[in-house]
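Following: one structure in structure tokens, then a few remarks.
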Amino acid sequence: VYVRRTQFTIFFRIQNHCLKTKSKMATKSTGDIEKTKSIEMKKKLNVLIVDDDPLNLKIHERIIKTIGGISQMAKNGEEAVIIHRDGRASFDLILMDKEMPERDGVSTTKKLREMKVTSMIVGVTSLADREEERRAFMEAGLNHCLAKPLTKEKILPLINHLMDA
Amino acid sequence: MLGLGVDRLQADINRLLTSLFHQGVLDEQFLQLQQLQDDTSPTFVYDVINIYFDESEKLLRNLRLLLVDREFSDYKKIGLHLNQLVGSSSSIGARRVRNVCVAFRSASELNNRPGCLRGLEVVEHEYHYLKNMMHELFQLEQQRLLAAGVRYPM
């Protein structure tokens, strides 16, 4: 019997921007013996995109997806605050536009910091913004500030820094 | 024959894009958008450009409504609309539209109504030129995909 073999080579692109969350250390003590069990959980980069511009929402969502993250969107600062109100929201990164109706980026950032939100908040400013406006935005509680248009190249170093931390 | 059709259409697409870059109509930000498109999001550029058209036309309409009013004096509002247009044009790589919006904005900062009216006409002209070119590009792309036997909802 003649058997024909076919060889397949399959290439997988692995998205490696998965964050290790804190290790959970469960310690069980039985007399003199101490057993330690560590559970490492891996999850995708979780991003909140806060912007009133549907064009920016679309582009920023796509950028996050192509670097292996998942995103949720808020159309203005007030929505972003509401998302965090019950204390259960947990984002690794918040991309915060500056000019928005209802509640702008400066006010939203201040409010989120008052609510003890510890996510990395990156402000996204336009070239029209003056230096003093950018400074006020940073002082509201941003970790970083980036100028539009946002690109993968601009955001990746910040995400790598987040992962290293 | 099928392959030649696809190749010819691809060459037409490349020629059109090269021309648009050479004229300064588009800049490298458009390439960034193209790089974000792949098989998981095959109509990404088309979707983004259509959002840009929808939003821009609203802004241009508002600008015209503001400026045709003889009693008009709200230059701050003009500035806000133009900031949005500058931002969105930058986001898609529409360099010439962005640049003429910046010039228009300078006129609005000087409360110069005739300058603003001129600026608006120039922006509308550049915007419509860009829109026509993008439609041509998307038509060629659609024909290329059909020739290659690929179907995406557009």
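The values are calculated or read from the model by the stated rules, or taken from the named source; none is laboratory data. Everything numeric in this text was worked out from a predicted model, so none of it was measured. For neighbour counting, all protein chains shown are included, and Cβ atoms are generated from backbone atoms with ideal geometry for every residue, glycine included. Side chains included, ligands, DNA and RNA excluded: accessible areas come from the protein's heavy atoms. Shrake-Rupley method; radii C 1.70, N 1.55, O 1.52, S 1.80 Å.
So the values come out like this:
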{"read-out": "Restricting region A:115-144 to residues that are closer than 16 Å to A:F91 by Cα and of a type outside the set (A, V, I, L, M, F, W, C), the residue that is nearest to the other protein chains (Cβ to nearest Cβ)", "value": "A:G123"}
{"read-out": "Condition broken by B:L146, with the remaining ones in (1) modelled with pLDDT under 95; (2) under 30 Å from B:Q10 (Cα atoms); (3) in contact with a helix residue (DSSP H, G or I) (Cβ under 7 Å, 6 or more places away or on another chain) satisfied", "value": "(3)"}
{"read-out": "Residues being open to solvent by 70 Å² or more (accessible area, probe 1.4 Å) and without any contact (Cβ under 8 Å) to a residue 12 or more places away in the chain - total across region B:104-124", "value": "4"}
{"read-out": "Of all residues in region B:105-114 being more than 13 Å from chain A (Cβ to nearest Cβ) and in a helix (DSSP H, G or I), the one that is nearest to A:A147 (Cα to Cα)", "value": "B:A107"}
{"read-out": "Filter result (more than 8 Å from every other protein chain (Cβ to nearest Cβ) and open to solvent by 20 Å² or more (accessible area, probe 1.4 Å)) within region B:81-94", "value": "B:H81"}
{"read-out": "Checking A:L146 against (1) of a type outside the set (D, E, K, R); (2) within 27 Å of B:L82 (Cα to Cα); (3) in a helix (DSSP H, G or I), the condition it does not meet", "value": "(3)"}
{"read-out": "Any hit, region B:30-40, residues being under 14 Å from B:M134 (Cα atoms), within 14 Å of chain A (Cβ to nearest Cβ) and crowded, with 18+ Cβ neighbours inside 10 Å", "value": "yes"}
{"read-out": "Residue under evaluation B:G24, criteria (1) away from chain A (no Cβ under 14 Å); (2) in contact with a Leu (Cβ under 9 Å, 6 or more places away or on another chain); (3) open to solvent by less than 20 Å² (accessible area, probe 1.4 Å), criterion not met", "value": "(2)"}
{"read-out": "Residue in region A:145-162 that is more than 14 Å from chain B (Cβ to nearest Cβ), over 18 Å from A:I64 (Cα atoms) and open to solvent by less than 60 Å² (accessible area, probe 1.4 Å) present", "value": "no"}
{"read-out": "Flag if B:N132 is over 16 Å from B:L85 (Cβ atoms), open to solvent by 50 Å² or more (accessible area, probe 1.4 Å) and under 22 Å from the mean Cα position of the chain (by Cα)", "value": "yes"}
{"read-out": "Positions within region A:111-143 being over 26 Å from B:G79 (Cα atoms), open to solvent by 40 Å² or more (accessible area, probe 1.4 Å) and not in a loop (DSSP other than H, G, I, E, B), in sequence order", "value": "A:K111, A:R113, A:E114"}
{"read-out": "Hits in region B:86-96 (condition: of a type outside the set (S, T, N, Q) and either modelled with pLDDT of 95 or more or touching a strand residue (DSSP E or B) at 6+ places or on another chain (Cβ under 7 Å) (or both))", "value": "B:I92, B:G93, B:A94, B:R95, B:R96"}
{"read-out": "Some residue of region A:106-128 being acidic (D, E) and touching a residue at least 40 places away in the same chain (Cβ under 8 Å)", "value": "no"}
{"read-out": "Of all residues in region A:46-86 being under 29 Å from B:G93 (Cβ atoms) and in a loop (DSSP other than H, G, I, E, B), the one that is nearest to the other protein chains (Cβ to nearest Cβ)", "value": "A:D53"}
{"read-out": "Within region A:87-110, considering residues that are within 12 Å of another protein chain (Cβ to nearest Cβ) and of a type outside the set (K, R), the one most open to solvent (accessible area, probe 1.4 Å)", "value": "A:E99"}
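Yes/no matrix, rows are residues, columns are (1) touching a helix residue (DSSP H, G or I) at 6+ places or on another chain (Cβ under 8 Å); (2) modelled with pLDDT under 95; (3) in a helix (DSSP H, G or I); (4) hydrophobic (A, V, I, L, M, F, W, C):
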position: B:L4; (1), (2), (3), (4): no, yes, yes, yes
position: B:L17; (1), (2), (3), (4): yes, no, yes, yes
position: B:I49; (1), (2), (3), (4): yes, no, yes, yes
position: B:R61; (1), (2), (3), (4): no, no, yes, no
position: B:F72; (1), (2), (3), (4): yes, yes, no, yes
position: B:N83; (1), (2), (3), (4): yes, yes, yes, no
